[in-house]
Amino acid sequence: MIEEKEKEIVEEFELFDDWTDKYQYIIEIGQKLPALDNQYKVDDNKIKGCQSSVWLHSYEKDGKVFFEADSDSTFVKGEIALLIRVLSGEEPQEIVNAPLKFIDEIGLRQHIAVTRANGLASMIKQMKLYALGIQSRQQA
Amino acid sequence: MRNNGNTAEVMNGFDVQKIRADFPVLSQKAYGKPLVYFDNAATSQKPQVVIDALVEYYSSYNANIHRGVHYLSQKASQAFDDVRVKVKEFINASSEREIIFVKGTTEAINLVAATLGRSAIGQDDEIIITGMEHHSNIVPWQLLQDQTGCVIKVIPFNEKGELHIEKLTELISNKTKLISVVHTSNSLGTINPVKEIIRTAHAHHIPVMVDGAQAVAHDRVDVQELNCDFFAFSAHKMLGPTGIGVLYGKAELLEKMPPYQGGGEMINSVSFEKTTYNEIPFKFEAGTPNIADVIALGKAIDYLNAMDRKSALQHEQQLLAYATDKISEIESVRIIGTANEKASVLSFVVDGCNALDIGMFLDTMGIAVRTGHHCCEPVMNTFCIPGTIRASFMFYNTFEEIDHFIAGLKKAIALLQVK
């Protein structure tokens, strides 16, 4: 369930006192994100933020949507890892409707200028569009 | 060289700590840590006198200017008009008629593109700019290109970030109508040989516009000595508020240019049959001006004039040299912009590290730098990089701050570097 996974993440981040610690944790998560297969690092999969690139690959399996992604920024990879943890493997409808409150609750929204620069919002939008596309195909 | 920053700086006759005390933001904390503000090329911090001027204006003599007959209006008008004279003297223009208040450098360039551009630069006419321009000195000309079919030619630069100035005469043709160049590059720090460019241009009867956004904070600019035809700068990069800047133009050119925006103040008389326009500079200042910020700009000029600017510049150059030396010791760092003549701007990349990640790490230590393309995408494309990390210094920065920055950078690299 998306909400449960978000709750886990919020609890993990509550262990940290300040932005410096949160940043380091996001970097650690980012460094652990598996690299995306080169065949998927193509322009069609690219989401361009102002300062970093993200490649997003999605596929359907057993009616659920799965995501894999990569970036040239380790911090963005950390953000991706969190999003994938929450959204990957879920029903398309759940993904489309997910408010993703955890982003504010872990204090990432305060750094919205950065998230704008790194295309976080674009990434979320793209993930939801993929889910919407898969949902439409399922319903067709 | 600079272990005890304070002592050395006072000994040089330049008391950095005393100056820092004039700038309230510099004592702010970022995430509980002392702020190290190295983003001066983006915007400068403001001395208390500039901030106070804004409060004083709105508290005690706010009124619309040039229109009222009452006490407040007279006082506000006088204060406003005095600044135009001050600006004229600051850049040594020959007349205050040549000083036009605009929103900033970007608007200044757009104004020239929209007026001189549309009236005098037509199909197949040519404009020359450089490869190191800020987007604000590229896009207005591209908009003009779309509108009139003119052609934009570009002076390239070398791997050090120095213009291939010898290419200028090759690029000039009998169709060249304007040359627009950046005085000091915000991304590379390069100080261009603007005087030489102007001399060459004038030998071919071509006017020159100079983007001076990064110039005026650091060194005296004398528009008569440069002999530029237009010069643009922004207050917020030279201790003044945002939202106000100056377009200087030679009177004979400004007089021939059509108006930019229509409205009040820029007219002589209005009827539905015919409207006539005011003389310069008012022809280009439609609507109620940004009165408070003009007055605050005046205070910023006063502050700079009261300083020992020569020592301030020397201090900035020493900061640049120190930071450059220290950063060069880090193996994976590559400096972008190594021109012989530079302003205190240090752009660099780190092998195996993303610029945004480094910038964000430094931010967690309270260090403010800028990352990205700095509105100079063509520059980044020339170096085949997505962007740089840029530290830009002002006379209120210290050697200790640079030490802290270098230590932070080393930590960032240790954490982030892809092995």
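The values are calculated or read from the model by the stated rules, or taken from the named source; none is laboratory data. Remember, predicted model here, so these are calculated numbers, not experimental data. Methodologically, a virtual Cβ is constructed for each residue, glycine included, from the backbone with ideal geometry; neighbour enumeration extends over all protein chains shown. Note: areas computed on protein heavy atoms with side chains; ligands, DNA, RNA excluded. Shrake-Rupley method; radii C 1.70, N 1.55, O 1.52, S 1.80 Å.
Some observations on this one:
- Qualifying position, being of a type outside the set (Ser, Thr, Tyr) and free of Cβ contacts under 8 Å to residues at least 24 places away in the same chain, among A:Glu105, A:Glu91, A:Glu4: A:Glu4
- Within segment B:20-48, considering residues that are within 14 Å of another protein chain (Cβ to nearest Cβ) and of a type in the set (Gly, Ala, Ser), the one nearest to B:Ser347 (Cα to Cα): B:Ala42
- Considering segment B:38-66, and only residues there that are of a type in the set (A, V, I, L, M) and surrounded by 19 or more Cβ atoms within 10 Å (Cβ to Cβ), the residue that is modelled with the lowest pLDDT turns out to be B:Ile65.
- Selected residue (criterion: surrounded by the fewest Cβ atoms within 10 Å (Cβ to Cβ)) from residues of segment B:400-419 that are under 24 Å from A:Ser52 (Cβ atoms) and away from chain A (no Cβ under 14 Å): B:Lys410
- Scan of segment B:250-285 for residues that are part of a loop (DSSP other than H, G, I, E, B), more than 24 Å from B:Val210 (Cβ to Cβ) and out of contact with any helix residue (DSSP H, G or I) (no Cβ under 8 Å at 6 or more places or on another chain), ordered by number: B:Gly262, B:Gly263, B:Gly264, B:Val270, B:Ser271, B:Phe272, B:Glu273, B:Lys274, B:Thr275, B:Asn278
- Condition check for B:Val350: more than 11 Å from chain A (Cβ to nearest Cβ), surrounded by 22 or more Cβ atoms within 10 Å (Cβ to Cβ) and more than 18 Å from A:Ile27 (Cβ to Cβ): no
- If you go through segment B:359-399 and keep only what is surrounded by fewer than 24 Cβ atoms within 10 Å (Cβ to Cβ), in contact with a helix residue (DSSP H, G or I) (Cβ under 7 Å, 6 or more places away or on another chain), in a loop (DSSP other than H, G, I, E, B) and within 14 Å of chain A (Cβ to nearest Cβ), you end up with B:Met365, B:His373, B:Cys375, B:Pro386.
- Members of segment B:318-358 that are closer than 19 Å to B:Asn186 by Cα and part of a loop (DSSP other than H, G, I, E, B): B:Gly337, B:Thr338, B:Ala339, B:Asn340, B:Glu341, B:Ala343, B:Ser344
- Test: residue in segment A:81-97 that is within 14 Å of another protein chain (Cβ to nearest Cβ) and under 30 Å from B:Glu377 (Cα atoms): no
- Residue count for segment B:355-395 under the criterion of being more than 23 Å from the chain's Cα centre (by Cα) and among the hydroxyl-bearing types (Ser, Thr, Tyr): the result is 1.
- Segment A:18-55, residues that are more than 13 Å from chain B (Cβ to nearest Cβ) and in contact with a strand residue (DSSP E or B) (Cβ under 6 Å, 6 or more places away or on another chain): A:Leu36, A:Tyr40, A:Lys41, A:Asn45, A:Ile47, A:Trp55
- At least 2 residues being open to solvent by 30 Å² or more (accessible area, probe 1.4 Å) and polar (S, T, N, Q) is the threshold, and among the helices (runs of 4 or more DSSP H) wholly inside segment A:1-118 those reaching it are A:19-32, A:92-97.
- B:Ser187 being part of a loop (DSSP other than H, G, I, E, B) and either hydroxyl-bearing (Ser, Thr, Tyr) or modelled with pLDDT under 95 (or both): yes
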